[in-house]
There are 2 protein chains.
Amino acid sequence: MNHDRIISNINRWIKLTDEEIDFFTSRLSHRKIRRKQYVLQEGDICGHYTFVNKGCLRLYTVDGNGIEHILQFAPEDYWVADIGSFHQEVPTSLYIDALEPTEILQISKPDLISTFEKFPAFDRVFRIMVENAFVGLQKRILQNISSTAEERYLTFFKSYPQLVNRLPQTQIASYIGITPEFLSKLRKNLAMKKL
Amino acid sequence: MNHDRIISNINRWIKLTDEEIDFFTSRLSHRKIRRKQYVLQEGDICGHYTFVNKGCLRLYTVDGNGIEHILQFAPEDYWVADIGSFHQEVPTSLYIDALEPTEILQISKPDLISTFEKFPAFDRVFRIMVENAFVGLQKRILQNISSTAEERYLTFFKSYPQLVNRLPQTQIASYIGITPEFLSKLRKNLAMKKL
DNA sequence: CGTCTATTTGAATGTACTCAAAAGCGGTGG
DNA sequence: CCACCGCTTTTGAGTACATTCAAATAGACG
């Protein structure tokens, strides 16, 4: 399996030694996920950090009315996990599944812990990764509490241009927190404004 | 200055040695902040992690219409910083100020970096702290995209019971993303339901 | 080709906001 | 101790934003 993508992903934050890279990549397992196949289901304990090499996953909940609410899309070069379930080893209330045929690399919790113990640089790598994700979530919360649905859609459009024409609109609606019907109407309005 | 609170805050995640604790606490600076005084202003580079020993801070933005949107309340035992501005050393778009007379402990970026270099355990401490904050933000996003204002208020009520009667309602409204007028109406409805 | 899902459209409804004004409340100075 | 000031909270009417439900249309996949 080719580890170029995950290595350059990590090297973006910290320059690692060959020894560190070899140790880490030797712990990775490779999996192919079919469309709609689950990587994590409600009730499971999240036992891996998952890196997407190809394809696209999503992280979401299902509420009491059966409506899905998407927390994160994870296309190529993204990490995904239920961090709370992973670290505290409690059952997750989230799902991860594939929106497309997807190839992933995973590291298990024991392997990640032993990596932290052996090479503290990885504590730093994962600290920085979470910090960046944290900042992204803060921006999203500000959007949600301060903007209309139209503004949120336009922000999504600018932030993830490669995903807009790749994902079904229902998924995008679920991510920005509106109904698919209303997103359809928003898009119609936007199209009319621009003509 | 008394460091009991911050030490027990950190020991919650990792048991530190006396040497680690002494090194860390010797780098902390103590400040008293008056009500409405700024700890961070838009345009500054966030140069410290701030721990609240007493009182209450808030982290927020001001939008183009002059409306404040609150990202975080930081009462006793909470940490607050603009993590993005801190790590990438870019000007912040956030404000931190005091809702009450407040006492804080701060560690500067150079001191935090040197702490990380000398004692890698602190990489882990701060990784775990950010992970926990991250999980909290995920829950808040799910609330925002899946719930009505009334549900969000009730969740806030359950999550921060000690803050509900301590903060002005305008601040809580700003946190859950509604107008103060509408929060007032919600509370009236809730009071009537329960009688 | 047929089936399943996604998208669009419309009417009716509910949720939340705006603006304006009144009422309540705490602190400060005379 | 009272009167006043500034700020928060409440109230109401009118409006805008977003949802629900139902049905029609369009696309995608096997």
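The values are calculated or read from the model by the stated rules, or taken from the named source; none is laboratory data. Remember, predicted model here, so these are calculated numbers, not experimental data. Virtual Cβ from ideal backbone geometry, glycine too; neighbours counted across all protein chains shown.
Would you check if there is a residue in region B:136-154 being more than 14 Å from chain A (Cβ to nearest Cβ) and within 15 Å of DNA strand C (Cβ to nearest atom)? Scanning region B:136-154 turns up at least one residue that is more than 14 Å from chain A (Cβ to nearest Cβ) and within 15 Å of DNA strand C (Cβ to nearest atom).
Residues that are in contact (Cβ under 8 Å) with a residue 24 or more places away in the chain, hydrophobic (A, V, I, L, M, F, W, C) and within 14 Å of another protein chain (Cβ to nearest Cβ) within region B:102-118 comprise just one, B:Leu112.
For beta carbons closer than 6 Å, sequence separation of 6+ or different chains, a first residue in region A:54-73 that is at positive phi and a second that is acidic (Asp, Glu) and within 16 Å of DNA strand D (Cβ to nearest atom), the qualifying pairs are A:Gly55/A:Glu100.
Against the condition acidic (Asp, Glu) and under 19 Å from A:Gly177 (Cβ atoms), how does A:Glu68 come out, does it pass?
On the way: acidic (Asp, Glu): yes; under 19 Å from A:Gly177 (Cβ atoms): yes.
Yes, satisfied.
Reported count of residues in region B:171-195, each being of a type in the set (Val, Ile, Thr), under 13 Å from B:Phe73 (Cβ atoms) and within 10 Å of DNA strand D (Cβ to nearest atom), is 1.
Does B:Ala133 satisfy the condition of being crowded, with 18+ Cβ neighbours inside 10 Å, at the interface with chain A (Cβ under 7 Å from one of its Cβ atoms) and not charged (D, E, K, R)?
Working: crowded, with 18+ Cβ neighbours inside 10 Å: yes; at the interface with chain A (Cβ under 7 Å from one of its Cβ atoms): yes; not charged (D, E, K, R): yes.
Spelling it out, B:Ala133 is indeed crowded, with 18+ Cβ neighbours inside 10 Å, at the interface with chain A (Cβ under 7 Å from one of its Cβ atoms) and not charged (D, E, K, R).
Out of B:Ile10, B:Ile107, one residue alone is touching a strand residue (DSSP E or B) at 6+ places or on another chain (Cβ under 8 Å) and either outside any loop (DSSP other than H, G, I, E, B) or surrounded by fewer than 20 Cβ atoms within 10 Å (Cβ to Cβ) (or both). It is B:Ile107. Within region B:171-195, residues that are near DNA strand C (Cβ under 8 Å from one of its atoms) reach partners that are among the β-branched types (Val, Ile, Thr) and part of a helix (DSSP H, G or I) with beta carbons closer than 7 Å, at six or more positions or on different chains, in the pairs B:Gly177/A:Ile145; B:Leu183/B:Ile172. Picking from residues in region B:21-41 that are of a type outside the set (Phe, Trp, Tyr) and part of a helix (DSSP H, G or I), the one that is surrounded by the fewest Cβ atoms within 10 Å (Cβ to Cβ) is B:Ser26.
Conditions tested, residue by residue: (1) at pLDDT below 95; (2) in a strand (DSSP E or B); (3) within 13 Å of the chain's Cα centre (by Cα).
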| position | (1), (2), (3) |
| --- | --- |
| B:Leu16 | yes, no, no |
| B:Glu19 | no, no, no |
| B:Gly43 | no, no, no |
| B:Phe51 | no, yes, yes |
| B:Gly64 | yes, no, no |
| B:Asp77 | no, no, yes |
| B:Ser85 | no, no, no |
| B:Ser93 | no, no, no |
